[in-house]
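Each remark here refers to the structure printed beneath this line.
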Amino acid sequence: MYLITPPRIDLAVFRDVLAAALDAGDVACLQLRLKDAAPDDVKRAVDVLMPVAQAHDVAFILNDDAALAARLGCDGAHLGQTDGDHEGARTLLQDRILGITCHASRHLAMEAGERGADYVAFGAFFPTDTKETVHTAGTDLLEWWSEMMEVPCVAIGGITAGNCAPLVRAGADFLAVVGAVWNHPDGAAAGVRAMNAAIAEAAPG
């Protein structure tokens, strides 16, 4: 599971919520995604949350800004198609993680792989309230990528414990989750457990 922070967080409360969520199950990455936050607020969030993630052996990824990710010592950055120079980000991050959003495009994904991305992200697969859905992807894209390419792929967009099985079976290496964890009626830890159980049930073999 690839966990993305809620769009707005209260650090005083969220730190403990995050720790409980990461205690609850298997999470590979945590992406800090604060789209409208000022740089100082992003830095403050990194300072508070990155140690929590890293204490749980969870890679801490900063959204949108490779230079800031490198400067703050993050484990990597996730970039959209308009978030700067991808080749330059690869050089800047060196041995850190670089992920690139590729929407529903095979061409963009192949370009990202050629530029040294450590993973590509496809979506949205389902309706989502987290951001406006401009691109819609299908499971055929995951099947094609997993058969043809070695670079891991992340599926994103409205993914829940109830709808994730086809994505797992189609070859998604990671599932990016927001609301299914943070908005779970029994709390974020229960959301992580539910997602882990659904992924395990759907996994081949």
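The values are calculated or read from the model by the stated rules, or taken from the named source; none is laboratory data. Just so you know, these numbers come straight off a predicted model, no measurement behind them. Note that we place each Cβ from the backbone using ideal geometry, even for glycine, and neighbour counts take in every protein chain shown.
Restricting attention to the range 153-178, the residues that are buried (at least 18 other Cβ atoms within 10 Å of the Cβ), within 13 Å of the chain's Cα centre (by Cα) and in a loop (DSSP other than H, G, I, E, B) add up to 5. Being within 18 Å of the chain's Cα centre (by Cα), crowded, with 19+ Cβ neighbours inside 10 Å, part of a strand (DSSP E or B) and modelled with pLDDT of 95 or more is a condition met by no residue of the range 104-114. Among the criteria (1) part of a helix (DSSP H, G or I); (2) out of contact with any Cys (no Cβ under 6 Å at 6 or more places or on another chain); (3) under 21 Å from I97 (Cβ atoms), the one W145 does not fulfil is (2).
Starting from residues that are β-branched (V, I, T) and touching a residue at least 12 places away in the same chain (Cβ under 8 Å), keep the ones in the range 85-128 and report whichever is farthest from G73 (Cα to Cα). Residue satisfying both the conditions and the ranking: T128.
In the range 19-41, how many residues are surrounded by fewer than 20 Cβ atoms within 10 Å (Cβ to Cβ), not acidic (D, E) and not in a loop (DSSP other than H, G, I, E, B)? Residues in the range 19-41 being surrounded by fewer than 20 Cβ atoms within 10 Å (Cβ to Cβ), not acidic (D, E) and not in a loop (DSSP other than H, G, I, E, B): 3 in total. Scanning the range 184-205 for residues that are surrounded by fewer than 24 Cβ atoms within 10 Å (Cβ to Cβ) and not small (G, A, S) turns up H184, P185, D186, R193, N196, I199, E201, P204. Looking at (1) modelled with pLDDT of 95 or more; (2) surrounded by fewer than 19 Cβ atoms within 10 Å (Cβ to Cβ); (3) in contact with a Gly (Cβ under 7 Å, 6 or more places away or on another chain), which is the only condition V181 fails? All conditions pass for V181, except number (2). Taking (1) touching a Ser or Thr at 6+ places or on another chain (Cβ under 7 Å); (2) surrounded by fewer than 18 Cβ atoms within 10 Å (Cβ to Cβ); (3) within 23 Å of L30 (Cβ to Cβ) in turn, A121 satisfies each apart from (2). Quick one: would you say T136 is over 20 Å from A66 (Cα atoms), touching a helix residue (DSSP H, G or I) at 6+ places or on another chain (Cβ under 6 Å) and not aliphatic (A, V, I, L, M)? Considered against the rule, which asks whether it is over 20 Å from A66 (Cα atoms), touching a helix residue (DSSP H, G or I) at 6+ places or on another chain (Cβ under 6 Å) and not aliphatic (A, V, I, L, M), T136 comes out as no.
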